[in-house]
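Visitor: Below you will find the structure I want to go over with you.
The values are calculated or read from the model by the stated rules, or taken from the named source; none is laboratory data. Note that the coordinates shown come from a computational prediction; the quantities given were computed from them, not determined experimentally. A quick note on method: Cβ atoms are made from the backbone with ideal geometry, for glycine too, and the neighbour counts reach across all protein chains shown. Remember, those area values only see protein heavy atoms, side chains included, never the ligands or the DNA or RNA. Shrake-Rupley method; radii C 1.70, N 1.55, O 1.52, S 1.80 Å.
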Amino acid sequence: MSKGMLIDLTRCIGCRGCQLACKQWNGLPAEETSFGTAWSNPGRLSAKTWNTIDFREVDGPNGSFSWTFVKRMCMHCHDAACVSACPVGALYRSEAGAVLYEGARCIGCRYCLVACPFDVPGFEWDTPDPYIKKCTFCADRIGMGWEPACAKTCPTNAVIFGEHEEMLREARRRIAAKPDKYIDHIYGEHEAGGTSVLYLSSVPFDQLGFPAVLPEKYPDLAWASLSKVPGTIVGLSVLMGGMTYIIQRRQQMEEAERERAAAMLPGEGHEL
């Protein structure tokens, strides 16, 4: 059954614990960063940062302001634009609701970067063998019956995880219980065809950097755009994909041959 995550921005204290937990669990390296909106650091998601906290200054009365902390990550859309835009099926959606990436299929076209309405996928620009990198919804942890690392580490339960329908029910329950605290909108319930990651807020989402107007069927738009791409470009993409597979296969065979040769060399534990 499809999983879901509910992020209640009224409970987030901006501790960045989820940001650190994501780095630790996924073995992501540090990177040189700069400040983004207000005190946000890093300022945006990247191939090395899959979860970040966006510090947002929200205007109040008489020139005052307050902070709203926004957890940014892949939304894991139900009808994901990145999945639809990928010409070789390198991106796909799992039964648990995670949008995942298979690097062996990728041809480096980067259509997914353009297609994503939330500006999520990151590209390894600093390596000669680049891949697309983004949040995996901790699919490995979910497979073991665990919750994602970011939800596990949140000290205020601003991030909770469970069945998608249960997360929707919980969001509706909170709005009904405290209508003066929340705006009457569950972001992700309908946006982009629905997403696995849902948000609650006391501030209108367009003030927090969320796309205000999104179609409900992004894949339809993606295919309409791709249909206008000249056939020669599509053919070239297929050719590049074939070449990428051949090169990767050759590298795997060479590595296997080196391992066999090393195993045959005399050394500790071998008779001369």
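Visitor: Residues in the range 37-49: is at least one closer than 27 Å to E189 by Cα, part of a loop (DSSP other than H, G, I, E, B) and of a type in the set (F, W, Y)?
Guide: No.
Visitor: For the range 177-197, give me each residue that is among the hydrophobic types (A, V, I, L, M, F, W, C) and either surrounded by 13 or more Cβ atoms within 10 Å (Cβ to Cβ) or under 15 Å from F210 (Cα atoms) (or both).
Guide: Selection gives I183, I186, A192, V197.
Let's see how each residue does on (1) in contact with a Gly (Cβ under 6 Å, 6 or more places away or on another chain); (2) farther than 13 Å from I7 by Cα:
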{"site": "D126", "(1), (2)": "no, yes"}
{"site": "G143", "(1), (2)": "no, yes"}
{"site": "A151", "(1), (2)": "no, no"}
{"site": "C154", "(1), (2)": "no, no"}
{"site": "H164", "(1), (2)": "yes, no"}
{"site": "L168", "(1), (2)": "no, no"}
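Visitor: Tally the residues that are part of a strand (DSSP E or B) and touching a residue at least 12 places away in the same chain (Cβ under 8 Å), restricting the search to the range 61-79.
Guide: Qualifying residue count for the region: 7.
Visitor: Which is part of a loop (DSSP other than H, G, I, E, B) and open to solvent by 30 Å² or more (accessible area, probe 1.4 Å), of V88, V114?
Guide: After applying the criteria, what remains is V88.
Visitor: Tell me, which residue of the range 91-111 that is over 16 Å from H78 (Cβ atoms) and basic (K, R) is surrounded by the fewest Cβ atoms within 10 Å (Cβ to Cβ)?
Guide: R110
Visitor: Taking the range 150-169, which residues are outside any strand (DSSP E or B) and open to solvent by 50 Å² or more (accessible area, probe 1.4 Å)?
Guide: Filtering the range 150-169 for residues outside any strand (DSSP E or B) gives 150-158, 164-169.
Correct list: K152, T153, P155, N157, E165, E166, R169.
Visitor: I've got another one for you. Does any residue in the range 1-29 that is in contact (Cβ under 8 Å) with a residue 24 or more places away in the chain and under 18 Å from L45 (Cα atoms) come within less than 7 Å, Cβ to Cβ, of a residue that is β-branched (V, I, T) and assigned to a helix (DSSP H, G or I) six or more places away or on a different chain, and which pairs are these?
Guide: Within 7 Å, the pairs are G17/T153; C18/T153; A21/T153.
Visitor: Continuing with this model, one more query. Identify all residues within the range 32-60 that are in contact (Cβ under 8 Å) with a residue 40 or more places away in the chain, open to solvent by 20 Å² or more (accessible area, probe 1.4 Å) and β-branched (V, I, T); write none if there are none.
Guide: T37
Visitor: Something else: For E32, all conditions in the list (1) at pLDDT below 95; (2) acidic (D, E); (3) under 27 Å from V203 (Cβ atoms) hold save one; what is the number of the exception?
Guide: Condition (3) is where E32 drops out.
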